[in-house]
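Peer 1: Would you mind keeping the following structure in view while I ask a few things?
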Amino acid sequence: MQLHLGSLTPKSFLEEYWQKKPLIIRQGFNQFQDFLSAEELAGLAMEDAVESRIIYKKNKKWQADFGPFESYDHLGKSDWSLVIQALNHWVPEVSELIKVFDFIPRWRFDDVMTSFATPGGSVGPHIDTYDTFICQGSGTRHWRVGDRGAHKQFTAHPALRHTEGFEAIIDEVLNAGDILYIPPGFPHEGISLDNSMSFSVGYRSDSARDMHTSMADFLIEKDIGKQQIEDPERAVCSNSGAIDTEDFARIKNQLLNTLDDQLISQFSGCYLTQSKCELDLPEEEQDYDGNDFLDFIEQQPMLRLGGLRCLYFEHSYKQGIFYMNGEEITLHKSFAEVIPLLCNEQMLNRKHITPWLNNAQFIQQITEWLKKGYWYFQAD
């Protein structure tokens, strides 16, 4: 799968558009094909583990129903949309769509949201807090995008935050293979003109408040930060109700000294590799041993589970440290150079990992991940 940016390059796109202004990329994908049919998408939305919703209007009021769904017969042939989060967790081929946007680091990636809409179907006018590349599949949709500004938002339904009418700076119809990039803060609305599919590649942007809240939970979980302020050299104070400059410095240092580079790395690595949606992991541990792994890797590549998040820091991976599925993983330093491969690649073949295939400890570690379902071999 290849991305065509027209006269732009990834570098010029980031300089001119990323987080700055929306853009339509005509025929960003040549001969784009849906990754699954509408019927297959509807089948996924019947599964308990899949996060899905149907959005429609009833008596001119917006409604949102959440899956799993048993039937769609009551919806009619127009004016509704089926939305599924994290399609990349359930359809391995979607990894190819994510890969074409790898000029943006994976720690910013959220998921691929997929929408099937009937004629007139929409999720309503709204503003997102994340960047998204809306890739048009089959059918057509009419998109309006407004400029950033003080747009009044309101609750159209407990599950739908909408914005009032806006003047469009983009007012276009997307056809199969077209891409609409929308940065955070730009109001937009897409209305399907026929039965249509879209695949939205989203990039998360968590607030400092959310990260501080999660950091507090992390400190408690890891039992970190219990050190109290010590002041054996305290001088006599003249104003008992005041926090003087020296005490303010003590308080500040107590907080800042807790947040050293190691702790920030540990927290952010775990935080950024957590998946917000369920992974398609096996219910029971898979039956693998080291010999099975060696046999399979001779015949076919090893695939990473869709949605499994793996990240590393440039300053610490040579110590054998990386992060996967919300956990810090420490390998022997002699395996450090395999970490970028594990985190950058969705598919590893024998050539990738040849330098470590004679190491029993490495084989044991890979086998453990195969048992958990983090990596897998394609069934015949």
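Peer 1: Taking the residues in the stretch 118-141 that are among the hydrophobic types (A, V, I, L, M, F, W, C) and more than 20 Å from Ala64 (Cα to Cα) as candidates, determine which candidate is surrounded by the most Cβ atoms within 10 Å (Cβ to Cβ).
Peer 2: Applying the filter and picking the extreme gives Cys135.
Peer 1: Can you name every residue in the stretch 154-198 that is more than 25 Å from Trp18 (Cα to Cα), in contact with a Ser or Thr (Cβ under 8 Å, 6 or more places away or on another chain) and not hydrophobic (A, V, I, L, M, F, W, C)?
Peer 2: Scanning the stretch 154-198 gives Ser192, Asp194, Asn195, Ser196.
Peer 1: Here's another thing I want to ask about it. Mind checking which residues of the stretch 359-380 are closer than 18 Å to Gln300 by Cα and not in a strand (DSSP E or B)?
Peer 2: Result: Ile363, Ile366, Thr367, Trp369, Leu370, Lys371, Gly373, Tyr374, Phe377, Gln378, Ala379, Asp380.
Peer 1: Moving to a separate point now. Looking only at strands (runs of 3 or more DSSP E) that lie completely in the stretch 48-117, which have at least 2 residues being surrounded by fewer than 18 Cβ atoms within 10 Å (Cβ to Cβ)?
Peer 2: Here the list reads 52-58, 61-66.
Peer 1: Go through the stretch 252-293 and report how many residues are assigned to a helix (DSSP H, G or I), surrounded by 12 or more Cβ atoms within 10 Å (Cβ to Cβ) and aliphatic (A, V, I, L, M).
Peer 2: Residues flagged as assigned to a helix (DSSP H, G or I), surrounded by 12 or more Cβ atoms within 10 Å (Cβ to Cβ) and aliphatic (A, V, I, L, M) within the stretch 252-293 amount to 3.
Peer 1: Pairs under 9 Å by beta carbon, first residue farther than 24 Å from Phe101 by Cα and assigned by TED's automatic domain parsing to the domain that holds Gly177 in the stretch 135-161, partner among the basic types (Lys, Arg) and crowded, with 18+ Cβ neighbours inside 10 Å, six or more apart or different chains?
Peer 2: Sorted first by the residue in the stretch 135-161, then by its partner, the pairs are Ala159/Arg53.
Peer 1: Within the stretch 351-380, restricting attention to residues that are of a type in the set (D, E, K, R) and farther than 23 Å from Tyr323 by Cβ, which residue is modelled with the lowest pLDDT?
Peer 2: Across the stretch 351-380, the extreme among qualifying residues is Asp380.
Peer 1: Please go through (1) over 30 Å from Ile264 (Cβ atoms); (2) of a type outside the set (A, V, I, L, M); (3) under 21 Å from the mean Cα position of the chain (by Cα) for Thr367 and return the number of the only condition it doesn't satisfy.
Peer 2: Of (1) over 30 Å from Ile264 (Cβ atoms); (2) of a type outside the set (A, V, I, L, M); (3) under 21 Å from the mean Cα position of the chain (by Cα), only one is false for Thr367: (3).
Peer 1: Also, quick follow-up: Select, from Ser12, Ser37, the only residue that is under 19 Å from Ser198 (Cβ atoms) and at pLDDT 95 or above.
Peer 2: Ser37
Peer 1: Can you pull out every residue in the stretch 319-331 that is exposed (fewer than 13 other Cβ atoms within 10 Å of the Cβ) and either touching a residue at least 60 places away in the same chain (Cβ under 8 Å) or not acidic (Asp, Glu) (or both)?
Peer 2: Matches in the stretch 319-331: Thr330 only.
Peer 1: Closer than 30 Å to Gln27 by Cα and either of a type in the set (Ser, Thr, Tyr) or in contact (Cβ under 8 Å) with a residue 12 or more places away in the chain (or both): does that describe Ser268?
Peer 2: Here the answer is no, as Ser268 does not meet what is asked.
Peer 1: In the stretch 14-44, which residues are in contact (Cβ under 8 Å) with a residue 24 or more places away in the chain and either of a type in the set (D, E, K, R) or in a helix (DSSP H, G or I) (or both)?
Peer 2: Correct list: Leu14, Lys20, Lys21, Arg26, Asp34, Ala38, Leu41, Ala42, Leu44.
Peer 1: Of the conditions (1) farther than 23 Å from Leu281 by Cα; (2) surrounded by 17 or more Cβ atoms within 10 Å (Cβ to Cβ), His352 fails just one. Which one is it?
Peer 2: Checking His352 against (1) farther than 23 Å from Leu281 by Cα; (2) surrounded by 17 or more Cβ atoms within 10 Å (Cβ to Cβ), the one that fails is (2).
Peer 1: Exactly one condition in (1) in contact with a Phe, Trp or Tyr (Cβ under 9 Å, 6 or more places away or on another chain); (2) farther than 30 Å from Leu263 by Cα; (3) surrounded by fewer than 16 Cβ atoms within 10 Å (Cβ to Cβ) is not met by Gly185; state its number.
Peer 2: (1)
The values are calculated or read from the model by the stated rules, or taken from the named source; none is laboratory data. Computed from a predicted model, the values in this text were never measured in an experiment. FYI the Cβ positions are ideal-geometry reconstructions off the backbone, even for glycines, and counts take in every protein chain you see.
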